[in-house]
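Down below is the structure, laid out as structure tokens.
The values are calculated or read from the model by the stated rules, or taken from the named source; none is laboratory data. What you are looking at is a predicted structure, and each value in this text was computed from that prediction instead of being measured. Note that each Cβ is placed from the backbone with ideal geometry, even for glycine, and that neighbours are counted across all protein chains shown.
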Amino acid sequence: MNDAASKDKRRKLVDATMRRFGHSQYALIETLHTVQEAYGFLDDDNLKYVAEELRVPLSKIFGVATFYHFFTLKPQGEHTAVLCTGTACYIRGVPGILSAIKKNFSVDAGETTEDNRLSLLTARCIGSCGLAPAIVLDGEIAGQVTPEIVVDRIGRMIQNDT
Amino acid sequence: MSSSVKIKTLTIDERQVGAREDQTILEVARENGIRIPTLCYLKGLSPYGGCRMCIVEIAGSPKLLPSCMTTVEEGMVVSTQTERIKKYRRSLLELYFSERNHVCSVCATNGYCELQSMAQEVEMTHVHFPYMYPHLEVDATHERFVLDHNRCISCTRCVRVCEEVEGAHTLDIKDRGIDVRIITDLDQPWGESETCTQCGKCVHVCPTGALIERGKSVGEMSKRKQLLPYLTKMREAQK
Amino acid sequence: MTPEDFKKIGETHRKKRDGFDYTINVCTAAACVSLQSDKVKDELTRQVKEQDKKDVCRISGTGCLGLCASGPLVTINNDQALYGGVKPEDAAEIVKNIDKKPVKRLQIPADMPFFARQTKIALEHCGKTDPEVIGDYLALEGYEALYNCLTTMEPVEVIDIMVKSGLRGRGGGGYPVGLKWSTVHKAVGAKKFVICNADEGDPGAFMDRSMLESDPHSIIEGMAIAGYAVGASHGYVYIRGEYPLAIKRLKAAIRQAERQGFLGKNICETPFSFDVEIRLGAGAFVCGEETALIASIEGRRGTPRPRPPYPAQYGIWGHPTLINNVETFANISPIVRKGADYYASIGTERSKGTKVFALAGSINNTGLIEVPMGITLREIVYDIGGGILGGKKFKAVQTGGPSGGCIPEEYLDMKVDYESLAQVGSIMGSGGMIVMDETSCMVDVAKYFMDFCQSESCGKCAPCRVGTAQMYNLLNLISQGKATMHDMELLEELCDVVRNTSLCGLGQTAANPVLSTIRFFRDEYLAHINDKKCLAGVCVIEHKEEPVL
């Protein structure tokens, strides 16, 4: 491990999680949660580091990381929109919202725009069915939305920091 | 194993058989010359229960159970070849053939393939589910072996032999559902793997042409089936 | 600590509360928070200060009040007034009128059927207590059931209460709770575990989330009682990583319970020790299956293994393990307190007690409800749910999520219990209930669920891995008007194969949404295939000119 990485605060968070579980192999998923929280995604360097620390084979850690859809192996854009695709949201208009976002921001589900401003994700259900259709914009839930509202709010969200 | 293992008697296909209480239905059937088809099962590796070919009917249970992972019970009445099971086995095999590109005539293991011989065994004459024809890559970066995802049936024999027998755990499986793929290390080309010992066990336990030796052409890739039983026996003798 | 001690804590807390004439509760469960109830709460607090009512009026956050469609919700002294759709700018008026007549324009009648027709047992504290304050829970007899079990009952007596109550597992399968506890109790093992399955994965379900956000201590108490009954000293809550608020509140509740001695060593000064740890799920529906859940807690890919052996005998790390879901655990403490007979007096012959449902879809009163088993679907949809949104025509109600089915109008008077639902090709499931109107296409709904199943299939067994993908492709063809009757036959054949040969419950039930829509809405399938028409106008069918022969 080089000096820069050892000073990395985020790495310390990862170490703390592993320590909490006595560096047991069972800590793998909890540790990946910490990596994602700290770094935003699971990068190869961290996967290798965790594999070595927990003595988990590389192929196994990759198998686990790709099995669970909560984990992402790609860096996310500056802003994220997570569209809920649960049943209640689906029957109350998700397909229309999804195509509106795709059309207006040139981004596919699971992808990030070329300018890295927006990542569009879908969630199987965020449990806000009472507010269907719902979307999570940079961590805040917006309920009972329409394609127009969503396009407007995403537009404002990604313009905010310019 | 302790010496006080209990003996159970059960019926398989109308034959009375005796078994140790820790044995599976499949093991007992094989000891008694009763053939149950299998794909993911391989003696010497931990059971997986994924291929579903070894399903059997047990009197009193509406569910079909995998004989490779179901242990015997006193008085059990097992049927391994009812019309219902035979029909399901054929359908299952058809699903395998429809999933990826199993074209025997251009495969190195043509004539030696377990999927192929299984089709004969369960009397599968054609595939009536739509072929999915995925375009999957072939990893030919390893200097000695080739991994062709198009012929893989995801039985994980290679993964298990690499972990359990060789101890390298170079291979595993990524993603899930229809997207599962065999991977090496962090999903990098096999030739770049730092953990692969190049032992080749994975190639020889692979039931199909998904793992073959480099340079083998159509119908040339027979697998050394005696390799794993030999290793298992030698390791047991060492203990 | 004795019950006197913790009653004292509760009393002190109550006094603190009773020192005020008015308590304004603001719902701080996720649905209301997303409608900015936190800002409403801040503004109310500011107004109380500004209008100088600090001595008579206190503001408290509270768990889910149920009527999510009308959020953010605010109550005054629990039942004195209920306000819906409250905005921060309404705060001044609410505070001003606190000792006068309620603000009419915000008021929701408390006797509306949505509330009057419910029976709250698992949700008894939801909306009445502050989920972040243990004192609130103690003030309402919290942890007394645990204390009584530990000090006056043998484990078998606790199990006996569960057997007599008739409670069945609320996660979906409906396995008798008493029997499951008894099996784990009898299982031989130096170590045993209790797991709370909170990996609520069904799309369209938010019961577990609401309960954990609203009343986390009741889940902890239920788990501890279960631990005592089966002889376990360690518990896990396996909770969805996508539920940050529920995780935060549960974490805080565990810390509070540890501090007060309801978790940890020698609980209530008895030899019983029990702790609870949180494990985060990571977005895999299949982990709701017991053996897959265990694999995930063990840090592996969440693939199931064949059962038997069942987790009750061979569970986490090979130890006997009890797995129940959130709602099941929420019922334990009330059952111990109120008695098995009380619980068994509610419900039907074989389905006792109440069931929590997440009511959503095309319905006026979306939200969280708890109803006695045996209530009819019509009562739920029209009385409690307030009927179909926008006066549209009812088409179906979907229960059981991707493992369930769509129930048509002709069965609206059917009683809701495990057996009746199974008879019409659906399941009770964990409690998601989605109402669909005439603008939903049943082929599209079947396709939606199959898409869900194929992407959640773990890929271990061939029938589920390949079969669900094949079924999805066929449903896609049908919905696009490109299928023939032969494809329909293939689809039905695949339903049979996948149902009977799959390894776990996900595959075994994946065909249910297809089978039930074919059973009740065959005409819609035929219209897509023969007439190239989507009756609901949902599916996009491209019409090509047929070549004239």
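In the set C:A536, C:A469, C:A511, C:A446, only one residue is away from chain B (no Cβ under 14 Å), closer than 30 Å to A:F67 by Cβ and not β-branched (V, I, T); that residue is C:A446. Across the range C:188-228, the qualifying residues are those that are of a type in the set (D, E, K, R) and more than 14 Å from C:G172 (Cα to Cα), and the one among them that is nearest to the chain's Cα centre (by Cα) is C:R209.
From the list C:E213, C:E221, exactly one residue is crowded, with 24+ Cβ neighbours inside 10 Å, of a type in the set (D, E, K, R) and within 11 Å of another protein chain (Cβ to nearest Cβ). Which is it? Lay out the reasoning, then the answer.
Numbers: C:E221 fails: within 11 Å of another protein chain (Cβ to nearest Cβ).
It is C:E213.
Among the residues making up the range B:113-144, those that are touching a Lys or Arg at 6+ places or on another chain (Cβ under 6 Å) and touching a residue at least 40 places away in the same chain (Cβ under 8 Å) are B:V122, B:R144. When each of B:E99, B:E163, B:E137 is tested for being farther than 22 Å from B:V218 by Cβ and acidic (D, E), the lone residue that passes is B:E163.
In the set (1) surrounded by 24 or more Cβ atoms within 10 Å (Cβ to Cβ); (2) touching a Leu at 6+ places or on another chain (Cβ under 8 Å), the condition left unmet by A:F67 is number (2). Quick one: how many residues across the range C:371-420 are among the charged types (D, E, K, R), touching a Lys or Arg at 6+ places or on another chain (Cβ under 9 Å) and closer than 22 Å to C:N331 by Cα? Counting residues in the range C:371-420 that are among the charged types (D, E, K, R), touching a Lys or Arg at 6+ places or on another chain (Cβ under 9 Å) and closer than 22 Å to C:N331 by Cα gives 2. Quick check, is B:I183 out of contact with any Gly (no Cβ under 6 Å at 6 or more places or on another chain), within 14 Å of chain A (Cβ to nearest Cβ) and either of a type in the set (K, R) or surrounded by 17 or more Cβ atoms within 10 Å (Cβ to Cβ) (or both)? Yes, satisfied.
Which of the residues spanning the range B:45-77 are farther than 27 Å from C:V466 by Cβ and in a loop (DSSP other than H, G, I, E, B)? Working first, answer last.
Just the residues of the range B:45-77 that are farther than 27 Å from C:V466 by Cβ, to begin with: B:59-60, B:71-77.
Scanning the range B:45-77 gives B:A59, B:G60, B:V72, B:E73, B:E74, B:G75, B:M76.
Of all residues in the range B:184-239, how many are aromatic (F, W, Y) and either at pLDDT below 95 or more than 19 Å from B:E143 (Cα to Cα) (or both)?
Just the residues of the range B:184-239 that are aromatic (F, W, Y), to begin with: B:190, B:230.
Cutting the leftovers down to either at pLDDT below 95 or more than 19 Å from B:E143 (Cα to Cα) (or both) gives us B:230.
Of the residues in that region, 1 qualify.
In the condition set (1) touching a helix residue (DSSP H, G or I) at 6+ places or on another chain (Cβ under 9 Å); (2) more than 12 Å from chain C (Cβ to nearest Cβ); (3) surrounded by fewer than 18 Cβ atoms within 10 Å (Cβ to Cβ), A:G22 is compliant with all but (1). The conditions of being in the same structural domain as C:I369 (by TED's automatic domain parsing) and among the aliphatic types (A, V, I, L, M) are met by C:A396.
Note on the range A:96-140: residues that are away from chain C (no Cβ under 14 Å) and free of Cβ contacts under 8 Å to residues at least 24 places away in the same chain total 8. Taking the range C:227-262 as the range and being within 19 Å of A:R20 (Cα to Cα) and buried (at least 17 other Cβ atoms within 10 Å of the Cβ) as the test, the residues that pass are C:H234, C:G235, C:Y236, C:V237, C:Y238, C:I239, C:G241, C:I247, C:L250, C:I254. Strands (runs of 3 or more DSSP E) fully within the range C:260-366 that include at least 2 residues being more than 23 Å from the chain's Cα centre (by Cα), modelled with pLDDT of 95 or more and more than 11 Å from chain A (Cβ to nearest Cβ): none found. Scanning the range C:452-487 for residues that are surrounded by fewer than 19 Cβ atoms within 10 Å (Cβ to Cβ) and touching a residue at least 12 places away in the same chain (Cβ under 8 Å) yields C:N476, C:Q480, C:T484, C:M485, C:D487. Against the definition (over 35 Å from the mean Cα position of the chain (by Cα), within 29 Å of C:G429 (Cα to Cα) and not in a loop (DSSP other than H, G, I, E, B)), how does C:E489 come out, yes or no? The answer is yes for C:E489. Condition test on C:V371, is it surrounded by 24 or more Cβ atoms within 10 Å (Cβ to Cβ), in contact (Cβ under 8 Å) with a residue 12 or more places away in the chain, touching a strand residue (DSSP E or B) at 6+ places or on another chain (Cβ under 8 Å) and not acidic (D, E)? Answer is no for this residue.
Kindly provide the set of residues from the range B:222-239 that are among the hydroxyl-bearing types (S, T, Y) and without any contact (Cβ under 8 Å) to a residue 60 or more places away in the chain, ordered by number. Let's see the steps before the verdict.
Here is the first cut: in the range B:222-239, the residues among the hydroxyl-bearing types (S, T, Y) are B:222, B:230, B:232.
Correct list: B:Y230 only.
Within the range A:39-59, being in contact (Cβ under 8 Å) with a residue 12 or more places away in the chain and not acidic (D, E) holds for A:Y39, A:G40, A:F41, A:L42, A:N46, A:L47, A:Y49, A:V50, A:L54, A:R55, A:V56.
Sort out which residues of the range B:118-154 are surrounded by fewer than 20 Cβ atoms within 10 Å (Cβ to Cβ) and over 21 Å from B:V180 (Cβ atoms), and write them in order of number. Listed by number, the residues that qualify are B:Q120, B:E121, B:V122, B:E123, B:M124, B:T125, B:H126, B:H128, B:E143, B:R144.
Scanning the range A:25-77 for residues that are in contact with a Lys or Arg (Cβ under 7 Å, 6 or more places away or on another chain) and more than 8 Å from every other protein chain (Cβ to nearest Cβ) yields A:A38, A:Y39, A:F41, A:G77. For the range C:472-486, residues that are in a helix (DSSP H, G or I) and more than 10 Å from chain B (Cβ to nearest Cβ) total 5. Filtered by the rule that a residue be at pLDDT 95 or above, among the small types (G, A, S) and assigned to a loop (DSSP other than H, G, I, E, B), the range B:1-43 gives a lone residue, B:G33. For the range A:141-162, a residue qualifies if it is within 13 Å of another protein chain (Cβ to nearest Cβ) and either assigned to a strand (DSSP E or B) or small (G, A, S) (or both), and the qualifying residues are A:I141, A:A142, A:G143.
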